[in-house]
Amino acid sequence: MNVIITGPPGSGKGTQGKLIAEKYHIPQISTGDILREAVRNGAALGLEAKAYMGRGGLVPDELVIRIIEDRLIQRDCGRGFLLDGFPRTVAQANALERMLKKKGLVIDHVINIEIEMEELIRRLRGRRTCSRCGAMYHLFFNPPKKEGICDICGGSLYQRDDDKEETIRSRLEVYSHQTGPVIQYYASRRLVRSISGVGNIDDIFHRILGAIDDRETYAKRGGNPS
Ligand code: ADP
Ligand code: ADP
Ligand code: ZN
C-alpha cells in the first residue's frame, strides 16, 4: 500500500504517519527527517538544504526529488511506503508520478489532516523531539514522564530551530501557497480523504484507518468513494 500523509506543519503527520507505518508494516519516509539528519551529519545535502530550512522555506525540488528517488528503490519499500512531508509542490507530485509509473506503481491513499491555525501554532511551539530516537513529544499535550528526557530511549529532547515563532509563521504561509495546490492535484485524481486533526492522537488514528478501509473496500468493488 502506497500512502501519502499531508497537512500543514504541526498537524500531526509525523505522529500519525508513525502509527500508520507500524500498522501496515511499511516504512515512514519523511523528507524533513532525512534533511535534518543530513544537516546533523554535515553531509553535502545538508549543507545545501540548511539555509532554506532555517528560513522556513522549501528546499529546492531537485534535491528532495533525488532523496525520494534514492529512497524508493530500497528494499524495505517492496510492500509499499508512507510518504510524510512529500510531495510539497506540484512539481514534486509530477516527479513522483513519473517515478512510480516506471515501476508500475500508483498512490493508493492521500490522507489530508485539517486543523486550524491557532492550534498549529500551539503544537509547533511546544513540540520537542528526541535527539536519539526521533520520538515526538509536546510540552503540554504529550509531555515526557521526566522533563527533557525521552521515555523510550532516555535521549535528550530538543526544540527544532524552525519551531521558533517567526519561522512558524513563514512555514504556515509557504504551506498554503505551495502545498495547497498539491491537495487539489490529488483531489482531481480522487485520492484525497480529509480528516479532522483535532482530538486525541488515538481518535485521529482511528479516523484515518476508517478512511483507508472505506477506500480499500470501494476499490475492491471497482468503484470510487470520493
Ligand atoms: P513539518 O512536518 O513540521 O512541516 P518537516 O519536517 O516536514 O516539517 O519539514 C521541515 C523542513 O524541511 C521544511 O520547512 C522544508 O524546509 C524542508 N522540507 C521537508 N520536506 C520537503 C519537501 N518535500 N520539499 C521541500 N522542502 C522540504
Ligand atoms: P507534523 O509532522 O505534521 O509537523 P507532529 O506529528 O510533529 O506534526 O506534531 C506536532 C506537535 O503536536 C508535536 O509536539 C506532537 O507531539 C503534537 N501532537 C500531535 N498530535 C497531537 C494531538 N492529536 N493533540 C495534541 N498534540 C498533538
Ligand atoms: Zn528517544
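What the table shows:
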read-out	value
Matching residues, region 106-132, being of a type in the set (Ser, Thr, Tyr) and either surrounded by fewer than 17 Cβ atoms within 10 Å (Cβ to Cβ) or at positive phi (or both)	131
Sole exception among (1) more than 16 Å from ligand 2 (Cβ to nearest atom); (2) at negative phi; (3) not hydrophobic (A, V, I, L, M, F, W, C) for residue 25, by number	(2)
Entirely in region 1-105, the helices (runs of 4 or more DSSP H) that have 1 or more residues that are among the aromatic types (Phe, Trp, Tyr), in contact (Cβ under 8 Å) with a residue 24 or more places away in the chain and closer than 26 Å to residue 168 by Cβ	none
Index of the failed condition, residue 135 passing every other in (1) near ligand 2 (Cβ under 10 Å from one of its atoms); (2) on the phi > 0 side of the Ramachandran plot	(2)
Those residues of region 179-193 which are more than 19 Å from residue 121 (Cβ to Cβ) and out of contact with any helix residue (DSSP H, G or I) (no Cβ under 8 Å at 6 or more places or on another chain), in sequence order	183, 184, 187, 188, 189, 190, 191
Every residue from region 19-41 that is buried (at least 20 other Cβ atoms within 10 Å of the Cβ) and basic (Lys, Arg)	36
Residue within region 38-52 that is within 15 Å of ligand 1 (Cβ to nearest atom), within 13 Å of the chain's Cα centre (by Cα) and either under 20 Å from residue 134 (Cβ atoms) or of a type in the set (S, T, N, Q) (or both) present	no
Helices (runs of 4 or more DSSP H) contained in region 112-226 and holding at least 1 residues within 16 Å of ligand 1 (Cβ to nearest atom) and either more than 16 Å from the chain's Cα centre (by Cα) or farther than 26 Å from residue 34 by Cα (or both)	117-126, 165-174, 180-187
Residue within region 78-89 that is modelled with pLDDT under 95, surrounded by fewer than 19 Cβ atoms within 10 Å (Cβ to Cβ) and not aromatic (Phe, Trp, Tyr) present	yes
Neighbours by Cβ (under 7 Å, 6+ apart or cross-chain): first from region 115-140, free of Cβ contacts under 8 Å to residues at least 40 places away in the same chain and over 18 Å from residue 153 (Cα atoms); second part of a helix (DSSP H, G or I) and near ligand 2 (Cβ under 8 Å from one of its atoms)	140/126
Test result for residue 214, more than 16 Å from ligand 3 (Cβ to nearest atom), within 16 Å of residue 14 (Cα to Cα) and surrounded by 12 or more Cβ atoms within 10 Å (Cβ to Cβ)	no
Matching entry among 72, 35 (being within 25 Å of residue 139 (Cβ to Cβ), within 16 Å of the chain's Cα centre (by Cα) and among the aliphatic types (A, V, I, L, M))	35
Subset of region 171-197 that is closer than 16 Å to residue 85 by Cβ and polar (S, T, N, Q) - its residue that is surrounded by the fewest Cβ atoms within 10 Å (Cβ to Cβ)	176
Among the residues listed as 158, 185, 175, the single one being touching a Lys or Arg at 6+ places or on another chain (Cβ under 9 Å), hydroxyl-bearing (Ser, Thr, Tyr) and more than 12 Å from ligand 3 (Cβ to nearest atom)	175
Region 136-170, residues that are surrounded by 14 or more Cβ atoms within 10 Å (Cβ to Cβ), more than 22 Å from residue 112 (Cβ to Cβ) and among the hydrophobic types (A, V, I, L, M, F, W, C)	139, 149, 150, 157
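The values are calculated or read from the model by the stated rules, or taken from the named source; none is laboratory data. Values in this document were obtained by computation on a predicted structure and should not be read as measured data. We place every Cβ from the backbone using ideal geometry, glycine too, and count neighbours over all the protein chains shown.
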